[in-house]
Amino acid sequence: MIQAGLHEPQFALHVEDLTVAYRHAPVLWDIDLDVPPGVMCAVVGPNGAGKSTLLKAALGLVPPVAGHVRVFGLPYAKARQRVGYVPQRSTVDWDFPATALDVVLMGLYGRLGWFRRPGRAERAQAMAALEAVAMADFAARPISDLSGGQQQRVFIARALVQEAELYILDEPMAGVDAVTEAAIVALLKGLRDAGRTVIVVHHDLQTVQKYFDWLVMLNVRVIAQGPVSEVYTPENLRRAFGGRVALVGGQG
Amino acid sequence: MTGGLDHTLGVVALGAAVLGASGGMLGSFAVLRRQSLLGDVLAHAALPGLCLGWLVAGRSVVPLMVGALLAGGLAALSVLAVGRFTRLKPDAALGIVLSVFFAGGVVLLSYVQAVGGAGAAGLSAFLFGQAAAMLTGDLQAMAVVGGLAALLVAAFWKEIAAVCFDPPYARALGLPVGLIEALLTLLMAMAIVVGLQMVGVVLMTAMLIAPAVAARMWVTRLWPMVALAAAFGVVSGVSGAVLSTGARGLATGPLVVLVATALAALSLLLAPGRGVVWRLLRDRRLAGQIEGLRVLETLRALAEAHGDADYPAEAGMIAAAHGLPVARQLQRLQSEGLVAPVTHPPEQTPHWVLTPEGRARLDGLGGTR
């Protein structure tokens, strides 16, 4: 099954026939998915739709029962330098003894290689990433002292410092205030405008049209995928969410 | 004091220092990964390994250590297997594995003592530790294992840090998370092996937990925590050794554990920022400040009721309107310049007004009742 060359390199993320199961219950079923480069893509779906699992499968963190994933045409293990990941904030213990800068530096650990410590250059890069999320003043703060929104921005800075081409974020807007959300969206749009690809698990249907230009609707299977203007329809929402949501939003 | 006694104290104190340093350093990672209980399992599981090592090679430190390490590794794998193949919760898996290995160890111990003659009596010292029986060769072996563990930590520092904080992210970065987790388990087993002779299998986990918990209270970054935990471990070890020599006949290992846990208790109580006492004081200070603001509110309400911003309110009236005694709060507020005492002839009783600073403080709250 391992192909020597590139497979579907025209897509930032290419998922084919992907099935993932926990304890024999399929969480993702026969997913076929293509995200072109340079878009800002939302992944939406009800609870238990497999949104986080899809991201983890793309990052090689959960083994698929069937199917494959390619990032820029390569298996994830060969493309990981080009991918920045922002996990859900609640997955780590924020009482861990580290400063904001320490956490951002971890984004460089994969690139540094064995036995090499982050030095002056790495610290400068990490500071620049903190600057980008307006957290430079908090570099020396223990992460346990940060608010939820500040912690989220530190997590994003840790991915930014990787200088990736594809950013994968799991619910980055969960539990942050409106100001922080606006700042995060502006930052992600900036990445998209610079030609990077951004894939976000998103929970707020009302802002999908405002924030994103590409949309994947998921409910164990892929319900619909494509440009937001084509995919964000009452029919698709009903199919993904089971008729419990009315079409919302519609701002221009 | 004889030269022999000095030698013993020297060996014991040095051994206790090595034990404390490696326990504190390696226990930090166990505590941060919420794996303190795994340390307890590895320590108890060492007992059957020690017995088998004894059966193979008698009282010889290297086979004993190897036996303890192997048994610890087997126990760690058992915990993983029970967790993966059954639906037991982790605490139950840990408890079962600990009990099985320890029971097996005690059975083996009785067997070894039955067949092994007088020499095998020394083996039971590993239950609670017996520092006095330590030889120079034992100390050397402890130092080698502890030093090796420190080297491994230094070499893989950033990988260990990333795995302790956020394993999925570390895996996405391409770090070999499974390997580092195995290394951390091995390191924990090494710390335990270092301490077995001194502290014994039953109490060893305290030397992993207590210095790390104490250190976490004082610092906010990983390497200072690890360094301070090692230092706390050394202090506990040496003071325990000295105490047991001073008060003849008291068991060294348990004394070391008591000193370490006392340090942890003091840290939990007193550490600035995180300690219980510090937080109680902060809460009291905050409560006092809020109470003061409420007195200011009462003063302003009285002034508004009289249509006069500089209305001098009599102390008794403030207390009545506020519903609580206010004399101490008024003095405190006066010292902060938020209220001022005035006279209001012909009355002789003390009266108070809000100062402009006091009004500004209330306005700063956005309180515009």
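Against the main long axis of the alpha-carbon atoms of chain A, helix A:178-193 sits at an angle near 80°.
Plainly put, chain B has a radius of gyration that is 1.26 times its Kirkwood radius, both from alpha-carbon atoms, as the Rg/Rh ratio. For region A:1-87, the list of trypsin sites (Lys or Arg not before Pro) that fall in a loop by DSSP and count at most 16 other C-beta atoms within 10 angstrom reads A:23.
DSSP beta bridges fully contained in the protein assembly as shown are about 60 percent antiparallel. Remark: the residue B:309-residue B:290 segment gains 4.6 nm on full extension, using 0.36 nm per residue and subtracting the alpha carbon distance.
Accessible surface of region B:278-364, 1.4 Å probe: 57 percent of it comes from carbon and sulfur atoms. Only the Cβ atoms of Lys and Arg (+1) and of Asp and Glu (-1) were treated as charged; on that basis the dipole of region B:220-369 about its Cα centre amounts to roughly 960 debye. Given Cα pairs under 8 Å that are at least 6 residues apart, what percent is the relative contact order of chain B? Here the relative contact order equals 21 percent.
In this simple spin-label approximation, residue B:77 and residue B:281 carry label points 7 Å from Cα along the Cα→Cβ vector, and these lie 5.3 nm apart.
Of the trypsin sites (Lys or Arg not before Pro) in region B:203-301, the ones in a loop by DSSP (not H, G, I, E or B) with at most 10 other beta carbons within 10 Å are B:248.
Per residue of peptide A:77-88, the mean number of Cβ atoms on other chains within 10 Å of the residue Cβ is 2. Excluding same-chain neighbours fewer than eight residues apart, the lysines reachable from residue A:189 by a Cα-Cα span under 27 Å are A:51, A:56, A:78, A:210.
With contributions of -39500 (n - 2.57) from each DSSP H run of at least four residues, the per-residue ellipticity at 222 nm computed over chain B stands at -26500 deg cm²/dmol.
Do any chymotrypsin sites (Phe, Trp or Tyr not before Pro) in region B:119-209 lie in a DSSP loop with no more than 11 other beta carbon atoms within 10 Å, and if so, which? Of the chymotrypsin sites (Phe, Trp or Tyr not before Pro), not one in the loops of region B:119-209 has a Cβ with at most 11 other Cβ atoms within 10 Å. The residues of chain B expose on average 46 square angstrom of accessible surface per residue, using a 1.4 Å probe on protein heavy atoms.
Averaged over peptide B:328-335, the number of partner chain Cβ atoms lying within 10 Å of each residue's Cβ comes to 0. As a ratio to 2.2 N^0.38 Å, the alpha-carbon radius of gyration computed for the protein assembly as shown takes the value 1.25.
So what's the net charge close to residue B:336: Lys and Arg +1, Asp and Glu -1, counting the other residues with Cβ under 15 Å from its Cβ? Around residue B:336, the surrounding residues sum to +4.
Only protein heavy atoms count here; under a 1.4 Å probe, residue B:317 has an accessible surface of about 80 Å². With a 1.4 Å probe rolled over the protein heavy atoms of all chains, the accessible area of A:168, B:290, B:209 falls in the order B:290, B:209, A:168, largest first.
What does a probe at residue A:239 reach in region A:212-229, counting residues whose amide N is under 12 Å from the point 7 Å along Cα→Cβ? Answer for this model: A:217-219, A:221-226. Our compactness index for region B:278-364, the C-alpha radius of gyration over the empirical 2.2 N^0.38 Å, is 1.09. Taking all protein chains together and rolling a 1.4 Å probe, residue A:131 ends up with roughly 120 Å² accessible. Remark: spin-label model distance residue A:137-residue A:95 equals 2.8 nm, labels positioned 7 Å along the Cα→Cβ axis. Since only B:81, A:88, A:26 are under comparison, the one whose Cα sits farthest along the positive direction of the charge dipole of the protein assembly as shown, derived from C-beta charges on Lys, Arg, Asp and Glu, is B:81. Counted residue by residue at 0.36 nm each, then reduced by the alpha carbon distance between them, the extension gain from residue B:124 to residue B:106 reaches 5.6 nm. Averaged over the residues of peptide A:92-101, the number of Cβ atoms from other protein chains lying within 10 Å of each residue's Cβ is 5. Contact residues in region B:205-243 (at least 20 Å² less accessible area with all protein chains than alone, 1.4 Å probe): B:216, B:220, B:221, B:222. Chains B and A together bury roughly 2700 Å² of accessible area, counting both sides, with a 1.4 Å probe on protein heavy atoms only.
Sites count as exposed loop sites when they are chymotrypsin sites (Phe, Trp or Tyr not before Pro), lie in a DSSP loop, and have at most 15 other Cβ atoms within 10 angstrom; the longest stretch of chain A without one is A:116-252. Of the residues in region B:172-194, those shielded by at least 20 Å² of accessible area once partner protein chains are present, compared with the chain alone at a 1.4 Å probe, are B:172, B:173, B:174, B:175, B:176. Could you work out which residue, out of B:353, B:219, B:256, moves most in a Gaussian network model of chain B, that is, has the largest mean-square fluctuation with Cα springs under 10 Å? Top of the fluctuation ranking is B:353.
The values are calculated or read from the model by the stated rules, or taken from the named source; none is laboratory data. The structure displayed is predicted, hence computed values, not measured ones. Cβ sites come from the backbone with ideal geometry, for glycine too, and all protein chains shown count toward neighbours. For accessibility, only protein heavy atoms count, side chains too; no ligands or nucleic acids. Shrake-Rupley method; radii C 1.70, N 1.55, O 1.52, S 1.80 Å.
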